[in-house]
Amino acid sequence: MATSAEPRFGTDTLRRGLEAPTAAPLMALYADDAEVRIVDRNTQPSRPMVLHGRDEIATMLDDVYSRDMTHQLERCVVQDDRAAFSETCVYPDGVRVYSESMVSLRDGRITEQTMIQAWDE
């Protein structure tokens, strides 16, 4: 049974995690051995940024959530041990970041995530 210390992955839990003011609620959704691959203008498909484990993922998310921006879950589909979602982030000056993620789940936690992101320049 899931407790508040062990949230189960779902659209509402993901929304609360993504749209929170800190990275902590989102980090609770990752397994200890999770891996995140990020593809964008700077880290292209042949050489994506790859983060291994909760510590590396937390460092990246803490940096993102330290910025003055809002985060909004746009869409989410969960089926069995897979999920896909899109997120929009907006800085105060109107610059937007958009990302699409595909994730694999184990016991209600993210074990693998591939994120493709783009931003206004």
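Quick look at the numbers
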{"read-out": "Kirkwood Rh, Cα atoms: Rg over Rh of the chain", "value": "0.94"}
{"read-out": "Net charge over other residues, Cβ less than 11 angstrom from the Cβ of residue 120 (K, R count +1; D, E count -1)", "value": "-1"}
{"read-out": "C-alpha long axis of helix 53-65 to longest principal axis of the chain, angle in °", "value": "50 degrees"}
{"read-out": "Distant-in-sequence amide H partners of residue 106 (H built 1.01 Å from N, under 5 Å)", "value": "111"}
{"read-out": "Distance in nm between pseudo-label sites at residue 59 and residue 42 (7 Å out along the Cβ direction from Cα)", "value": "1.4 nm"}
{"read-out": "Relative contact order computed over the range 1-91 (Cα-Cα under 8 Å; 6+ residues apart), in percent", "value": "24 percent"}
{"read-out": "Efficiency of FRET between residue 93 and residue 66 - r from beta-carbon atoms, R0 25 angstrom, step 0.05", "value": "0.90"}
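Computed from the coordinates by the stated procedures, all read-outs in this text should not be read as laboratory data. Everything quoted here is computed from the prediction, not taken from an experiment. With ideal geometry, Cβ positions are generated from the backbone for all residues, glycine too; neighbour counts draw on all protein chains shown.
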